Amino acid sequence: MTDPATTSPVDALAERYWERLLELWPTTATLYGDDRYDDRLEDPGPEGRAKLRRLHETTLAEVEGFEREGLAVEDRITLDSLGVVCRLQIEQDDQGFHELRVVDQIEGPQTLLPQLVQFQRADTPERLERLLARLRDYGRYMAANIEILRDGIRSGRTAPRIVAERTIEQLERLLAIPIDEAVVPRLVQVASEADRERVRAVVREVVYPADARFLEVLRTEYLPHTRPEPGLWSAPDGATLYRTQIRAWTTLDLDPAEVHELGLAELEEIRAEQRAIARAAGLGDDIAAYRTQLAEDPRNRPATRDELLERARQDVERALAAAPRAFGRLPRTPVEVRPVEEFKEKDAPFAYYLPPAADGSRPGIYYANTYDLASRYFSNLAPTTYHEAVPGHHFQIALEIEHPRLNRFRRLGSRLVGAAFAEGWGLYAERLADELGLYRNDAERFGMLAAQAWRAARLVVDTGLHHLRWSRERSIEFLREAGLTDTDAIIETDRYIVWPGQALSYKIGQREIER
């Protein structure tokens, strides 16, 4: 927490905002190692949303009441960041965007507890009681989300059919997991068999039935009302919703048509670099032939899930060893490599990162997806590791969390201020890894360029789906042509469908950082 003796009035406002936000978003508190609210879940219903809106309205009024002249630079950055967050939260509330978010195969409400039990501690009697209270609250939490499903049916703000179908399939897989496997991360911390049975009982009597009810409403009531078209343009007032989502993810008011053309131009520049590697391999300008060569090389594929994870760990260590050549400060907090959980691996991206606890009690976690192992090439894994872990998200986020002079909103809440800085840094880190000599060979350098091309293609596909009315099939085919495997082209397209605008943050952010 910021030292009260050195806190400015702006820091005090940011602290009040963050403290109230954690109370309203208790699982966010848990994520950062703050266990005060470990016994409760968010209130996604009307009362909870009204409280959240009031927080953003009152905070925005205070932000706008500050006289900026003479303020320190950090105070001005804090005020600007708070203003962006508050305005966007109010605007999205006005637009009823929560009705579109409730069905989501990546971060929907059904994914909350399986992820939460991986980092909520239950290793003392008091912490166990908090976990049990939170599990008991799950029925209320999912009932509120069911009402949001019904609100969406009434307003017409429903998910595309493919998103609902993926979410239904995921819930079916989740409910098929034996209870011991579902809660095993907690059971190993719970001392007695009697206490383990208490956890099992709540999962059996509250959690699984709540998920089953959500699944039933999705199947029987919601699915017939889903949108057949994948793009946000097909929702009521979809063009306005999309412009808001572009600002929400990038903080910039961008014209979708211009972003589309920018993506095409970036893609052509990257292909020129790829052609140079293909020529060096004796394949002329045939990028596709070089890509096929990589795909057919058995040395470029992990034989087992453990081999993929071990290669990722090796790349993290190599990057950490090289980092002092480019960085004057390194994070104190370590980063761990873990596999994406099996129930969600079919719907999850190739990899993603979860930040460490603010008190250092939990490391940063780099999740690598081991699904469809034959398509998980080492040449693609290397730039992904440098993006998600070191020197990418782990450096940016852990150093931010560890910063001794920033208020908690600035240290912990930067993800609220869009994603363009974080994802732009991750993409920049892939290029920085090349400058540091981390790529072992041209195959991995080509993998880096393929990753850059993929993010340029995102500019094209996201605007194609949500502005130019592309079909899902056209998006998948475009990503295949850009170099993605069939598996990734499908998963990524469905990710762009469910998160309009998020895919723009990578290249937009990288361009701003390089500029």
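Summary of values
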{"read-out": "Overall form of region 103-154 per C-alpha gyration tensor (a/c, 1.5; a/b vs b/c)", "value": "oblate"}
{"read-out": "Long-range HN-HN contacts of Arg227 with modeled amide H, under 5 Å", "value": "Ala159, Arg161"}
{"read-out": "Region 356-365 - phi-based ³J(HN,Hα) in whole Hz, Karplus 6.51/-1.76/1.60, Gly and Pro as x", "value": "x, 5, 5, 8, x, 6, 9, x, x, 10"}
{"read-out": "Inter-label distance, nm, simple model (7 Å from Cα along the C-beta direction), Ala295/Arg53", "value": "5.0"}
{"read-out": "Highest average packing first - 385-391, 82-88, Cβ atoms within 10 Å", "value": "385-391, 82-88"}
{"read-out": "Set of lysines near Lys507 by C-alpha distance (under 26 Å), chain-local residues within fewer than 8 positions excluded", "value": "Lys346"}
{"read-out": "Cα lying deepest toward the dipole's positive end in the chain, options Met448, Ser155, Phe343, charges on Cβ", "value": "Phe343"}
{"read-out": "Mean ellipticity per residue at 222 nm, deg cm²/dmol - from DSSP H runs of n ≥ 4 across the chain, formula -39500 (n - 2.57)", "value": "-19000 deg cm²/dmol"}
{"read-out": "Per-peptide average of other Cβ atoms within 10 Å, ordering 25-35, 257-267 highest first", "value": "25-35, 257-267"}
{"read-out": "At R0 = 25 Å, FRET efficiency that the Cβ-Cβ distance of His403 and Glu261 yields, to 0.05", "value": "0.10"}
{"read-out": "For region 59-92 and region 250-282, distance of Cα centres in Å", "value": "35"}
{"read-out": "Relative contact order of the chain, pairs being alpha-carbon contacts under 8 Å that are 6 or more residues apart, as %", "value": "18"}
{"read-out": "Region 445-515 - charge dipole about Cα centre, Lys and Arg +1 at Cβ, Asp and Glu -1, debye rounded to 20", "value": "240"}
{"read-out": "HN-Hα J in Hz across region 171-181 - Karplus 6.51, -1.76, 1.60, θ = phi - 60°, x for Gly and Pro", "value": "4, 4, 5, 4, 6, 7, 6, x, 4, 4, 6"}
{"read-out": "Under the Karplus curve 6.51 cos²θ - 1.76 cosθ + 1.60, θ = phi - 60°, whole-Hz ³J(HN,Hα) for region 470-484, x wherever Gly or Pro sits", "value": "5, 7, 4, 5, 5, 4, 4, 5, 4, 5, 4, 5, 7, x, 6"}
{"read-out": "Ranked packing of 64-74, 273-283, most packed first, by mean Cβ within 10 Å", "value": "273-283, 64-74"}
{"read-out": "Amide hydrogen neighbours beyond the local backbone of Glu336, cut-off 5 Å, H modeled", "value": "Gly364, Ile365, Tyr366"}
{"read-out": "Only Lys, Arg (+1) and Asp, Glu (-1) charged, at Cβ; region 1-128 dipole about Cα centre in debye", "value": "240"}
{"read-out": "Inter-label distance, nm, simple model (7 Å from Cα along the C-beta direction), Asp286/Glu107", "value": "4.3"}
{"read-out": "Stretch gain in nm, segment Glu193-Glu23, where the contour uses 0.36 nm per residue and the Cα spacing is subtracted", "value": "57.9 nm"}
{"read-out": "Chain lengthening between Arg480 and Arg325 when straightened (0.36 nm per residue, less Cα-Cα)", "value": "52.1 nm"}
{"read-out": "Full-extension gain in nm, Glu91 to Asp123, via 0.36 nm per residue minus C-alpha separation", "value": "7.4 nm"}
{"read-out": "Label zone at Glu216 (point 7 Å along Cα-to-Cβ), backbone N below 17 Å, region 128-147", "value": "139-147"}
{"read-out": "Computed magnitude of the charge dipole of the chain (debye, nearest 20; Cβ of K, R +1, Cβ of D, E -1)", "value": "300"}
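Coordinate-derived values only; no laboratory data. Keep in mind that what you see is a predicted model, and the values were worked out from it rather than measured. Glycine gets a Cβ as well: all are built from the backbone with ideal geometry, and neighbour counts include every protein chain shown.
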